[in-house]
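Undergrad: So that we are looking at the same thing, I have put the structure below in structure tokens.
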Amino acid sequence: TDYTDGRWQGFNGDDLDAVIDLGREIEVQSIRAGFLQQIGSWIMLPTEVTFFVSKDGREYETVATFTIPVPDGDRPASTETYYSELSGVFARYVRVLAKNIGTLPAWHPGAGGLAWIFADEIQINPHFDREKLELQ
């Protein structure tokens, strides 16, 4: 929960919009993205996290969306992970969009200032065929 430890990517007032090229089309088993909330340091969870997949990098399909409520007061620092297990989903590209709250809410001491999103990891786990002992 220490945003100064060098393990976080920060986005001030902006959304996180990441596209990962897996190099080839694979069967995706799960997608996971982790975020930090440290309200006193202006770091808020995203208001929404959406996972998309694509075979061509142009047309994307939504595979999971998480809506995160905006807190109504200060809370202890914490991390949150958003995870989706998939079945029969084939993709070369995975896009993760995490929407920033934008400005801090009225109850926050920095109200009106730009909020941060801090993300640590995006994990894409391929389907593994245990019988063939290879990635699919």
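Undergrad: Express as a percent, rounded to the nearest 5, the fraction of DSSP beta bridges in the stretch 32-136 (both residues included) that run antiparallel. Don't skip to the answer; put the middle values down first.
TA: Working: 27 of 28 bridges.
Counting only bridges with both partners in the stretch 32-136, antiparallel ones make up about 95 percent.
Undergrad: With θ taken as phi - 60° and the coefficients 6.51, -1.76 and 1.60, list the Karplus ³J(HN,Hα) couplings across the stretch 80-97 in order, rounded to whole Hz; mark glycine and proline as x.
TA: In residue order, the calculated couplings are 10, 10, 10, 9, 9, 8, 10, 9, x, 9, 10, 7, 9, 10, 10, 10, 10, 10 Hz.
Undergrad: Of GLY110, GLY88, GLY102, which is the most mobile in a GNM of the chain whose springs link Cα atoms less than 10 angstrom apart?
TA: Evaluated over the chain, the most mobile residue of the options is GLY88.
Undergrad: Could you state the accessible area per residue of the chain in Å², with a 1.4 Å probe and every protein chain left in place? Mind dumping the intermediate values first?
TA: Working: 7690 Å² over 136 residues.
Ligands and nucleic acids excluded, the figure is 57 Å² per residue.
Undergrad: So, one more: Given an 8 Å cut-off on Cα distances and at least 6 residues of separation, report the relative contact order of the chain as a percent.
TA: Working: 328 pairs, mean separation 55.5, N = 136.
Worked out over the chain, it gives 41 percent.
Undergrad: Let me ask something else about it. Leaving ligands, DNA and RNA out of it, report the carbon-plus-sulfur percent of the accessible area of the chain at a 1.4 Å probe.
TA: Numbers: 3400 of 7690 Å².
Roughly 44 percent of what the probe reaches on the chain is carbon or sulfur.
Undergrad: Between the stretch 27-41 and the stretch 85-121, what is the C-alpha centre distance in whole Å?
TA: 8
Undergrad: Taking the full set of protein chains and a 1.4 angstrom probe, give the accessible area of ILE26 in square angstrom, rounded to the nearest 10.
TA: 20
Undergrad: Rounded to the nearest 10 Å², what accessible area does GLU85 show when all protein chains are kept and the probe is 1.4 Å?
TA: Around 120 Å² of this residue is reachable by solvent.
Undergrad: Per residue of the stretch 38-46, what does 6.51 cos²θ - 1.76 cosθ + 1.60 with θ = phi - 60° give for ³J(HN,Hα)? Whole Hz please, x for Gly and Pro, Karplus curve as stated.
TA: 9, 4, x, 9, 6, 9, 10, 5, x
Undergrad: Residues with amide H under 5 Å of GLN29's amide H, sequence separation 5 or more or different chain, H placed in the peptide plane at 1.01 Å from N; which?
TA: Excluding prolines and chain starts, which carry no amide H, the hits are ASN125, HIS127.
Undergrad: Multiply the residue gap between ALA106 and ASP56 by 0.36 nm, knock off their C-alpha separation, and tell me the result in nm, one decimal place.
TA: Working: separation 50, 0.36 × 50 = 18.00 nm, distance 4.25 nm.
This chain segment gains 13.8 nm when fully extended.
The values are calculated or read from the model by the stated rules, or taken from the named source; none is laboratory data. As the structure is a prediction and not an experimental result, all values here were calculated from the model. For accessibility, only protein heavy atoms count, side chains too; no ligands or nucleic acids. Shrake-Rupley method; radii C 1.70, N 1.55, O 1.52, S 1.80 Å.
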